[in-house]
1. Spelling out what I want: for every residue of segment 69-80, take phi, set θ = phi - 60°, compute 6.51 cos²θ - 1.76 cosθ + 1.60 (Karplus), and round to whole Hz; glycine and proline get x.
2. How big is the accessible area of LEU101 in square angstrom, nearest 10, if you roll a 1.4 angstrom probe over the protein chains?
3. Taking K and R as +1 and D and E as -1, what net charge do the other residues with C-beta under 10 Å from the C-beta of ILE51 add up to?
4. Report the accessible area of ASP106, computed with a 1.4 Å probe over the heavy atoms of all protein chains in place, in Å² rounded to the nearest 10.
5. Using only the alpha-carbon atoms of the chain as identical scatterers, what base-10 log of I(q)/I(0) does the Debye formula give at q = 0.12, 0.15, 0.19 Å⁻¹?
6. Pull out the extension gain between ASP27 and GLU98, defined as 0.36 nm times the separation in residues minus the alpha carbon to alpha carbon distance; nm, one decimal.
7. Where a ≥ b ≥ c are the square roots of the eigenvalues of the C-alpha gyration tensor, would you call segment 1-69 rounded, which needs a/c under 1.5, or, failing that, prolate if a/b is larger than b/c, or oblate?
8. Could you do me a favour and compute the accessible area per residue for the chain, 1.4 Å probe, result in Å²?
Amino acid sequence: MSHTLDIVFAALADPTRRSILTMLLEDDMAVTDVADPFEMSLAAISKHLTILTRAGLITQEKRGRVKWCKLQPDAMRTATVWMQGFGQFEPVNLDAFERFLETELDDQSTNDSFE
């Protein structure tokens, strides 16, 4: 279970990948449509999609000439169950958690530089 959690949390750690998952909440999307709102190459988006696929958070399927992405919400169940064990994180706001971690890391590096 620990390895699965590591992969899921690593995939969720990136804001671009979280945005992609949010987009896929609405419906399946072609890879080119997923890439449209981002200012990065199709190759970079494909790398993000590969990470999400390896984490089991999405599936990719070729339909004719077009590759489609589909959200797999059950893949987050293990991570959700793990986080719910820490009652104070319900409901989980990953963006706020990321900001908290950044603040903590900044504070730690500032304190380290004064020693």
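1. My calculation for segment 69-80 gives 10, 9, 5, 10, x, 5, 5, 8, 4, 4, 5, 5 Hz in order.
2. 80
3. Details: positive: ARG17, LYS47, ARG54; negative: ASP14.
With Lys, Arg at +1 and Asp, Glu at -1, the net is +2.
4. 90
5. Values, matching the q order: -0.51, -0.74, -1.04.
6. On the way: separation 71, 0.36 × 71 = 25.56 nm, distance 2.62 nm.
Going from the current span to full extension adds 22.9 nm.
7. Values: a/c = 1.92, a/b = 1.49, b/c = 1.29.
Here segment 1-69 falls in the prolate category.
8. Values: 7950 Å² over 115 residues.
I get 69 Å² per residue for the chain.
The values are calculated or read from the model by the stated rules, or taken from the named source; none is laboratory data. All of these numbers come straight from a predicted model, not from anything done at the bench. For neighbour counting, all protein chains shown are included, and Cβ atoms are generated from backbone atoms with ideal geometry for every residue, glycine included. We work out accessible area using only protein heavy atoms, side chains counted, and drop any ligands, DNA or RNA first. Shrake-Rupley method; radii C 1.70, N 1.55, O 1.52, S 1.80 Å.
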